[in-house]
Amino acid sequence: MFHEYPSAALLYRRAAEGIERVAAEAIALRGVFRIVLAGGSTPQGVYRHLSHIKAEWRAWHVYFGDERCLPVDHPERNSAMADQAWFEQVGIPPGQIYRIPAQLGAEAAAAQYSRVLDKLESFDLVLLGLGQDGHTASLFPGQEWGRVEMQAAAAIAVHDAPKPPSDRVSLSAWRLSRSTRVWFLVTGKDKREALQSWRRGEGIPAASIVPANEVDIWLAAVY
């Protein structure tokens, strides 16, 4: 399902409102809300809006879709961006923010994070971006994306990302697909070609995310 907005600013606000609503529903049903975060400028805009909402933060459990293999406090880590834009302003218990230990190196971090994820059946909401080349999380064209559960761990090591740092950790496609909802947040005309490829049914990495329910694609300033 496509949700189109005339500006990125409006998308940020509407997506944050949607996340707030989904979280409240999950907490009312099960007492917990499990969300997977994306990196990038579009999710960052959403996180800034989330920092101003009133929520039952103690019921939130936050995971990451991918991470760069950089030192813990490096500003280009996805977790550092989320800290600055969101976590430092709200009351999510630190022990419920599950950071990928990418400073250990891709292989060790993927193995450790897989053990964390293996304790979970599914997520309530997965947030993802879309790159110009069709990548999502750190699943890039020409690589193995881990589409089949029996053939890939929940988190996989990536050693040849096209942009530095080349070493990363990403949730595999099957693990990202195991969510009640999957939302792609997409802004900018530079994403148009990738989006058109996806709509034509081409096998870009983003198309490997196939939850039981259809994905939602939030768009602004693409066309």
Quiz item: Which condition number in (1) of a type in the set (A, V, I, L, M, F, W, C); (2) in contact with a Pro (Cβ under 9 Å, 6 or more places away or on another chain); (3) assigned to a loop (DSSP other than H, G, I, E, B) is the one that Ile53 fails?
Solution: (2)
Quiz item: Failed condition for Pro101, given (1) within 17 Å of Ala137 (Cβ to Cβ); (2) in contact (Cβ under 8 Å) with a residue 24 or more places away in the chain; (3) of a type outside the set (Ser, Thr, Tyr), with all others met?
Solution: (2)
Quiz item: Assuming Glu4 fulfils every condition listed in (1) surrounded by 15 or more Cβ atoms within 10 Å (Cβ to Cβ); (2) in contact with a strand residue (DSSP E or B) (Cβ under 8 Å, 6 or more places away or on another chain); (3) not in a helix (DSSP H, G or I) apart from one, which condition is it?
Solution: (1)
Quiz prompt | Leading residue by the ranking (nearest to Ile217 (Cα to Cα)) among those in the stretch 24-73 that are surrounded by 18 or more Cβ atoms within 10 Å (Cβ to Cβ) and among the β-branched types (Val, Ile, Thr) | solution = Thr42
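With the requirement that a residue be part of a loop (DSSP other than H, G, I, E, B) and either at pLDDT below 95 or not aliphatic (A, V, I, L, M) (or both), what does the stretch 82-119 give you?
Within the stretch 82-119, Trp86, Gly91, Pro93, Tyr98, Arg99, Pro101, Gly105, Asp118, Lys119 qualify.
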Quiz item: Here are some residues: Val46, Val62, Val72. Which one is within 15 Å of the chain's Cα centre (by Cα) and not in a helix (DSSP H, G or I)?
Solution: Val62
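The values are calculated or read from the model by the stated rules, or taken from the named source; none is laboratory data. For clarity, every value in this text was computed on a predicted model and none was experimentally measured. Quick reminder, even Gly has a Cβ in these numbers, built from the backbone with ideal geometry, and neighbours come from all protein chains shown.
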